[in-house]
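The values are calculated or read from the model by the stated rules, or taken from the named source; none is laboratory data. In this text the structure is predicted, and so the values were computed from the model without any measurement. Cβ: placed from backbone, ideal geometry, glycine included. Neighbour counts: every protein chain shown. Heavy atoms of the whole protein, side chains included, go into the accessibility calculation; ligands, DNA and RNA do not. Shrake-Rupley method; radii C 1.70, N 1.55, O 1.52, S 1.80 Å.
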Amino acid sequence: MSKQNVGGPKIVIVGAGFVGTTFAYSLLIRGLASQVVIIDVDKMRAEGEVMDLNHGMPFVYPAKIWAGDYPDCKDADIVVIAVDKGQKIGQSRLDLAEGNCEILKQIVPEITRHNRECILLVVTNPLDVMTYAALKLSGFPKNRVIGSGTILDTARLRYLLSEYLKVDPRNVHAYIIGEHGDSEVPVWSLANVAGIRLKDYCPICNVPYDAEVFNDLFLKVRNAGYEIIKRKGRTNYAVALGLTKIVESIIRDENAIVTVSCLLQDYHGVSDICLSVPVILNRSGVKETIRLPLDDEEIADFQKSAAIIKKVASSLGL
Ligand code: NAD
């Protein structure tokens with residue numbers, strides 16, 4: 001964290017859309033930052049959002065929040081990239097790649113011109129390709145370029161499992177790894193509650209251990225984004241809370257384990273691409289990736305997911 005921000009961390013959010021502003025709202029409620037800057041090509045939108053957020057100041061922890069510009073990235077601890085060219089209903093996350101890569105080519109150099117010490121946190125889709133683009137465009141070390149990745153998909157799986165098992169989602173440990181998107185991989189072989197594998201935990205709470213039920217839950221996780229967008233046009237709340245968890249883990253130097261996207265090197269045969277796996281997050285960013293003891297099918301699916309992301313990244317010349 002920057003030594004200059006004695007009053008607390010400074011977070012810059014590029015993109016004043018649904019995700020960026022819901023995240024700003026969550027940050028304020030949690031009291032995690034003393035300075036929050038929102039930058040958007042649509043300055044009016046950024047200004048309007050900031051006015052609205054500022055009017056809530058009497059009810060939250062003290063913080064300065066303003067609509068800014070790239071020089072405000074100076075001495076920021078974390079810069080969050082939440083821009084978007086505009087996703088249409090029915091478009092997959094990968095369809096977004098070209099347009100959003102063009103935006104990153106404009107904004108990442110703007111950010112790094114003013115700050116080469118911050119952590120970049122990407123949320124723009126297609127997430128893994130955009131995280132890789134941010135890594136390449138910034139030239140930052142790999143620990144300081146993070147994508148929100150499957151923190152959201154993992155949360156969705158934990159929630160749905162918690163409903164099935166009738167237990168607090170915080171006590172469900174089950175990861176989604178790989179792409180934040182259609183080729184993501186559920187790690188059923190390691191899913192557990194109270195350290196007890198699902199197979200042994202299900203009888204404890206009198207529910208069947210049924211592969212079909214679990215596959216159905218996974219499909220709900222995988223399609224959740226599309227289903228929400230079909231109904232309300234956007235997803236914003238859960239992802240904003242996931243971003244808040246990531247930022248908190250960094251700022252508070254928590255050594256928390258979360259599934260986020262980062263550059264992998266020789267992870268079950270996958271190298272030189274950003275994908276989600278559980279990592280230890282602290283003030284330095286990604287301290288370590290945790291090598292899960294996956295089964296053969298999970299490894300094969302993870303490698304397929306990597307191949308899909310690599311193909312898109314190379315089609316963009318990354
Ligand atoms: P949005 O359309 O509401 O907001 C995007 C904002 O980006 C707009 O305000 C737009 O003006 C701004 N923008 C566009 N070009 C810009 C530029 N060159 N410089 C600065 N700002 C620019 O979108 P949203 O719903 O907030 O989603 C943002 C991104 O997050 C999308 O890519 C979306 O797919 C992604 N998303 C990711 C996850 C995840 O889990 N990773 C979840 C939800 C959404």
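The figures follow:
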read-out: Choice from A306, A191, A97 showing the highest fluctuation, given a GNM over the chain with Cα pairs closer than 10 Å; value: A191
read-out: Helix 237-251 axis, angle to the chain major axis (alpha carbon atoms, nearest 10°); value: 70
read-out: Within the accessible area of the chain (1.4 Å probe), percent carbon and sulfur; value: 53
read-out: Share, in percent, of DSSP beta bridges within the chain that are antiparallel, nearest 5; value: 50
read-out: Dipole moment magnitude, nearest 20 debye, the chain about Cα centre, only Lys, Arg, Asp, Glu C-beta charged; value: 580
read-out: Region 231-318, dipole about Cα centre (Lys/Arg Cβ +1, Asp/Glu Cβ -1), debye to the nearest 20; value: 620
read-out: On Cα atoms only, tilt of 43-54 relative to the major axis of the chain in degrees; value: 80
read-out: Whether region 151-315 is rounded, prolate or oblate, judged on the alpha carbon gyration tensor where a/c under 1.5 counts as rounded; value: rounded
read-out: Paramagnetic label zone (point 7 Å from Cα along Cα-to-C-beta, I196; backbone N under 20 Å) in region 158-180; value: 158-175
read-out: Accessible area, probe 1.4 Å, largest first, for residues C101, C205; value: C205, C101
read-out: Cross-link reach list, aspartates and glutamates versus K287, counting only Cα pairs under 12 Å and skipping chain neighbours closer than eight places; value: D253, E254
read-out: Assigned charges on the beta-carbon of Lys, Arg, Asp, Glu; region 65-176 dipole about Cα centre (debye); value: 280
read-out: Separation of alpha-carbon centers, region 131-145 and region 260-288, rounded to whole Å; value: 12
read-out: Gain on full stretching of the segment that runs from N223 to E163 - 0.36 nm per residue minus C-alpha separation; value: 19.8 nm
read-out: Accessible area of the chain divided out per residue, in Å², using a probe of 1.4 angstrom; value: 46
read-out: Rounded to 10°, Cα long-axis angle of helix 296-315 versus longest principal axis of the chain; value: 30
read-out: Among the listed pairs K88/K310; K85/K166; K136/K220; K166/K245; K43/K304; K10/K105, those beyond 31 Å (Cα-Cα); value: K85/K166; K136/K220; K43/K304
